[in-house]
Amino acid sequence: MNGKLILAISLMGLSLVGMWAAFGRGGDPEPNRASSPSVDTKNSAPEFTGVTDWVNSKPLKLADQKGKVVVVHFWTNGCINCVHNYPHYRAWTEKYKGNNDLIIVGIHTPEFDEEKDVDRIRDRAAKNRLTFPIAVDNEQANWKAWGNRSWPSVYLVDKTGTIRQRWEGELGDDGYKKITRQIDELMAEQPRQ
C-alpha cells in the first residue's frame, strides 16, 4: 500500500513539474532571448495592418515613425503573463515621457473571443494606466505579419524601421533592465542613411 501511495504522489509531482515547465516557469533558465525569432531581428518591421480599432491614439503607421525608436509589444488583456509586464510598460512610459525619439505601441491580439471587446480593452488599459497607443488586432493580422508566437512579446524597432530585438514572455527585472539599456542604445544611435 505504501508503495502505491508513493508512486501516486511521485507521478502527481512529475505532472506538476511538467505543467510548470509547459507554462514557461521552468526549463531553460533564459528562454526569453532573441534567438531564432520568426521575424528576423535584422529585417524591416512589418507595417501595422488590419487594425480593427485604436485605443489611446488616432491610427498610426509604422512608416511615419522613422527617426524614432519604437517599442512594439503584443499582449492580450486576459493573459496573466501580460499583466506582469504592465509595470515595465508604465515605467518606460514615465521614463521617456516627453521624449519624441521613442514611441511605445501595444498590439492587443486576443487569445479568446471575450478579449475582442474594445470597451473591455479600453477599460483594462485605463484601470492599469496603459496610456500608450494600442492597436486592436482582433483578426490577428499583425500577429501573423510579425510572425509572433507568444503573449507577451516585445520588439525593439530602430530609427530606420529595422527590428533589432525581440523578447518573448515576461520581462522580469533582468529583462526590463536589458531592454531598457537596448532602448537607450538605440536612441543614441544615429540613423543609417
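The values are calculated or read from the model by the stated rules, or taken from the named source; none is laboratory data. These numbers were taken from a predicted model, which means no experiment stands behind them. Every residue, glycine among them, receives a Cβ derived from its backbone with ideal geometry; neighbour counts consider all protein chains shown. In case anyone asks, the SASA skips ligands and DNA or RNA and just uses the protein heavy atoms, side chains included. Shrake-Rupley method; radii C 1.70, N 1.55, O 1.52, S 1.80 Å.
Roughly what percent of Cα-Cα pairs across region 47-150 reach past 20 Å? It works out to 34 percent of all Cα pairs.
The alpha carbon centroids of region 57-112 and region 118-193 are separated by 5 Å. With a Förster radius of 25 Å applied to the beta-carbon distance between Lys178 and Asn100, the computed FRET efficiency rounds to 0.55. On the basis of the beta-carbon distance and an R0 of 41 Å, Asp113 and Lys66 show a calculated FRET efficiency of 0.70.
With a Förster radius of 25 Å, plug the Cβ-Cβ distance of Val83 and Lys58 into 1/(1 + (r/R0)^6) and report the FRET value to the nearest 0.05. List each step's numbers first, then the result.
Details: r = 26 Å, r/R0 = 1.06.
Working from the Cβ atoms, E equals 0.40.
Take Arg122: with every protein chain present and a 1.4 Å probe, its accessible area is about 100 Å².
The fraction of all Cα pairs in region 92-155 landing in successive 10 Å bins from 0 to the largest distance is 19, 48, 30, 4, given as whole percents. What shape does region 121-184 have by the C-alpha gyration tensor, where a ≥ b ≥ c are the square roots of the eigenvalues, rounded means a/c under 1.5, and otherwise prolate means a/b greater than b/c and oblate the rest? The shape class here is oblate.
When ligands, DNA and RNA are left out and all protein chains stay put, how many square angstrom of accessible area per residue does region 97-149 have with a 1.4 Å probe? Could the numbers behind the result be given before it?
Values: 2680 Å² over 53 residues.
Computed with neighbouring chains in place, this is 51 Å² per residue.
For the pair Ala91 and Ala188, label points projected 7 Å from Cα toward Cβ lie 1.9 nm apart.
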